[in-house]
Amino acid sequence: MDLLATLEHELQQLDTQQLRRRRRVADTACAPQVTVDGRPLLAFCSNDYLGLAAHPRLVEALREGAARYGVGSGGSHLISGHSRAHVLLEERFAEFLAPHLEAPRALYFCTGYMANLGVLSALAGRDAELFCEELNHASLIDGARLARAQVRVYAHADAAQLEHLLQASTAKTKVVVTDSVFSMDGDLAPLPQLLALCERHGAWLVVDDAHGFGVLGAHGRGALEHFNLRSPHLVYIGTLGKAAGVGGAFVAAHETVIEWLLQRARPYIYTTAAPPALAHALLTSVDLIAGAEGAQRRAHLRELTTQLQAALHLRRWALLPSATAIQPVIVGANAEALHAAAVLHEHGIWVPAIRPPTVPANTARLRITLSAAHTVAEVAQLTAAVNTLEQPEAA
């Protein structure tokens, strides 16, 4: 068939450019020590930043939730699928983020991708203008497309350019949207400057804190706590499959914003609600994040980050400046990044090679992610392997 032949040709092109993606199969729970495709590996590739994904208390909470609520929700939130577990979780998130939002309310989504699609398509219609950070996640890019609003892209972390764009805008509704922690670079958006601009120009500031929630801030409240922000202009999105260790996402904002999303966010309205057992488990996850154990895990994660940065001695490659758990090593060419990941894999270390279009051309990288579940010895094993691999004679 010509149709299949066309796809086969395109797949061959991906192979030629070293861009075809391949899945690996994990046979064990998410943890530093995993079995993948039947082989034991030391993993530095998950977003389980606090090491909660296999926490015994979360496992027990999920079991308890399934026993109480069953396995599935049975319907969309606005038909029959909205359970008491969902209510309690949304109330908990509103309470947790209350120091940073006025009249807070929260809405629980099945995934972070759906939350981003829902927020942007509901807040920004055809008469709106969206101001999007250059390095926004794909879900925010797709949300902007779904909104059918006028889209302006400003350069990475460039508040001055954003100010110019806002000053020139005559749109009825203005929405600035940005990641908080950029998933491939590990750096933070200048949120205080962005919020000041939004307040000055009457714009919403949508913050996707996928990689900050649970990790940043003294109590794990994420980027808002890290920068000590509070404003009715804020629309905050937290992902729950990363530091929270479970799955789904939530949006927290002024109660009027949340009511509007409930009425207009199509990815929320027209899908089956997530299993209540997950929401029940997430109540325990928030308790862990906010409590003494969460603080200890965040402190350990910061120590591991400092250790890795001090121990890597790179000559040809470059470790990007990042104060977060995301520590990218820029390699450059796709083939070399793939080779580096393959050699590490042969030595029992799992670090993914990230290539275009996820990152710009010629910036293929090893994306190292640290977890509070890692040990000092495990990080030392990683840095020694990368240092040996990067030396010119090992290339």
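When TYR108, TYR69 are ordered from fewest to most other Cβ atoms inside 10 Å of their Cβ, what list results?
TYR69, TYR108
Where does the chain land at 222 nm, in deg cm²/dmol rounded to the nearest 500, when only DSSP H runs of n ≥ 4 count, each adding -39500 (n - 2.57), divided by all residues?
Helices in the chain give a 222 nm mean residue ellipticity of -13000 deg cm²/dmol.
Between helix 159-168 and the chain, what is the angle of the helix's C-alpha long axis to the longest principal axis, kept within 0 to 90° and rounded to the nearest 10?
The two axes meet at around 40 degrees.
Taking the DSSP beta bridges in the stretch 56-290 as the whole, what percent of them are antiparallel, to the nearest 5?
40 percent
For the peptides 131-142, 274-285, 179-190, what is the packing order when you average, over each peptide's residues, the other Cβ atoms within 10 Å and list the highest mean first?
274-285, 179-190, 131-142
Ranked highest first by the average count of other Cβ atoms within 10 Å around their residues, in what order do 41-53, 207-219 fall?
Highest mean packing first, the order is 207-219, 41-53.
Which order do the peptides 310-318, 116-124 take when ranked by the mean count of other beta-carbon atoms within 10 Å per residue, highest first?
Output ranking for 310-318, 116-124: 116-124, 310-318.
Within 15 Å, Cβ to Cβ, of ALA147, how many net charges do the neighbouring residues add up to if Lys/Arg are +1 and Asp/Glu are -1?
That sum, taken over residues with Cβ under 15 Å, equals +4.
List the residues, sorted by chain then number, that are 5 or more residues from TYR154 or on another chain and whose placed amide H is less than 5 Å from its amide H.
CYS132, GLU133, GLU134
No value in this document is a laboratory result; all are computed from the given coordinates. As the structure is a prediction and not an experimental result, all values here were calculated from the model. Note that we place each Cβ from the backbone using ideal geometry, even for glycine, and neighbour counts take in every protein chain shown.
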